[in-house]
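Notes follow the structure.
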Amino acid sequence: MSLRQPILVFDSGVGGLSVWQAIRLAYPELTCHYLMDNEGQPYGELDDSTLIRRACDLIMQVVAQVNPALVVVACNSASTLVLPTLRKQLDLPVVGVVPAIKPAAFQSSNKHIGILATPGTVARAYTQALIDEFAADCRISRIGNSELVGMAEDKLAGRAVNLPRLAEILAPWSQGDGPDTIVLGCTHFPLLATEIIECLPAAHCIDSGEAIARRVTNLLLPAANTAKLDVKERTLWVTKQDQRLAQQWSSFLLAGLTQIQVIKSRLT
Ligand code: DGL
């Protein structure tokens, strides 16, 4: 592995940017490419087999083109499901993102944790296993919602977030005995953290972005001593070009992406 090689960050949409920002803060000169399956989203609504086959197919196609040092699956809905299959197919490190339940259990004072994620992630056996292992002493409340994914997509396209609707979705947690710690278990949701806290001022949010950046840093550090950093084009791979993508492009430019390429799923 060498820093002359890029890394590849994958998500269904703009959510992976919350992880990408954390990685770029740690390694500003690293060549990162970003793959988003905007035609297949929301991933939180896909059945397991479709999600596994679709995500693996797209990642394998881009890996063949960019030869990355490692792949970051910056999507909870995908990571909690596809990692075993993907790791069998790829001969390079794959870093996944899973809901930050362990640190949330540690940080919560009232031992009531809210898991805000996609319908897929809140229902996954992987998520339940994390709860059983790290938060058995906590009360757990779950909200599985895909509308927030669209709100984050729209926000990065320059559209206003529908705060009354967001407040309505989060209303079950706005009572006195609500969770004091909210796990943002979808990488889209840190992009809405300000609005979420506006709706739930007594709570604090926690996500996995920095933990993933630390994991990536640890994996890349041995290479950093011997390899010269090599800045090239940073490509945004997408599965669909539409008006929303055009409106989102300035957010991607700001994040450091430099060009767009389209890739198509080979599944029928
Ligand atoms: N950003 C993704 C996640 O972390 C998925 C959003 C979606 O497409 O449902 O779960």
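Some points to look at:
- Cα-based helix-to-principal-axis angle, 209-224 vs the chain, degrees rounded to 10: 30 degrees
- Val262/Ser49 FRET efficiency (R0 30 Å; Cβ-Cβ; nearest 0.05): 0.75
- Where only DSSP H runs of four or more residues are counted, the chain gives -13500 deg cm²/dmol as its mean residue ellipticity at 222 nm, each run worth -39500 (n - 2.57).
- Divided by 2.2 N^0.38 Å, where N counts the residues, the Cα radius of gyration of the stretch 65-154 comes to 1.24.
- The chain: angle of helix 48-66 to the longest principal axis, Cα-based, in degrees nearest 10: 30 degrees
- Summing Lys and Arg as +1 and Asp and Glu as -1 over all other residues whose Cβ lies under 12 Å from the Cβ of Leu81 gives a net charge of +1.
- Kirkwood hydrodynamic radius (C-alpha pairs) into Stokes-Einstein, the stretch 24-77, 20 °C and 1.002 mPa s, D in µm²/s: 170 µm²/s
- Prolate is the label for the chain, because a/c, from the alpha-carbon gyration tensor with a ≥ b ≥ c as root eigenvalues, is 1.5 or above and a/b exceeds b/c.
- For the chain, a Gaussian network of Cα nodes joined below 10 Å ranks Ala22, Ala105, Ala246 by mean-square fluctuation, and the top entry is Ala246.
- Rounded, prolate or oblate (a/c below 1.5 giving rounded, otherwise prolate when a/b exceeds b/c) for the stretch 1-151 by Cα gyration tensor: prolate
- Relative to the Cα centre, the charge distribution of the chain, modelled as +1 at Lys and Arg Cβ and -1 at Asp and Glu Cβ, gives a dipole magnitude of about 680 debye.
- Residue exposure sequence - Thr80, Thr194 - by fewest surrounding Cβ within 10 Å: Thr194, Thr80
- Leading residue at positive end of dipole, the stretch 43-168 (Cβ point charges), from Pro119, Val63, Ile131: Ile131
- Longest site-free stretch - the chain; sites: GluC sites (Glu not before Pro), DSSP loop, at most 15 other Cβ within 10 Å: 30-232
- Sorted fewest first by neighbouring Cβ atoms within 10 angstrom, Ser250, Ser108, Ser146, Ser79 come out as Ser250, Ser146, Ser108, Ser79.
- Non-local Lys pairs in the chain, i.e. 8 or more apart or on different chains, that have alpha carbons under 25 Å apart: 6
- Neighbour counts of C-beta atoms inside 10 Å place Tyr27, Tyr43 in the sequence Tyr27, Tyr43, starting with the fewest.
- Modelled spin labels at Asn110 and Glu133, positioned 7 Å past Cα toward Cβ, are 2.8 nm from each other.
- Computed from Cα positions, the angle between helix 125-134 and the longest principal axis of the chain comes to roughly 70 degrees.
- With the highest mean first, a sort of the peptides 184-193, 154-163 on other beta-carbon atoms found within 10 angstrom per residue produces 184-193, 154-163.
- For the pair Gln89 and Trp249, the difference between a 0.36 nm per residue extended length and the Cα-Cα distance amounts to 54.5 nm.
Where a number appears in this text, it was derived from the coordinates with a stated rule and is not lab data. Since the structure is predicted, the reported quantities are computational estimates derived from the model, not experimental observations. Note that each Cβ is placed from the backbone with ideal geometry, even for glycine, and that neighbours are counted across all protein chains shown.
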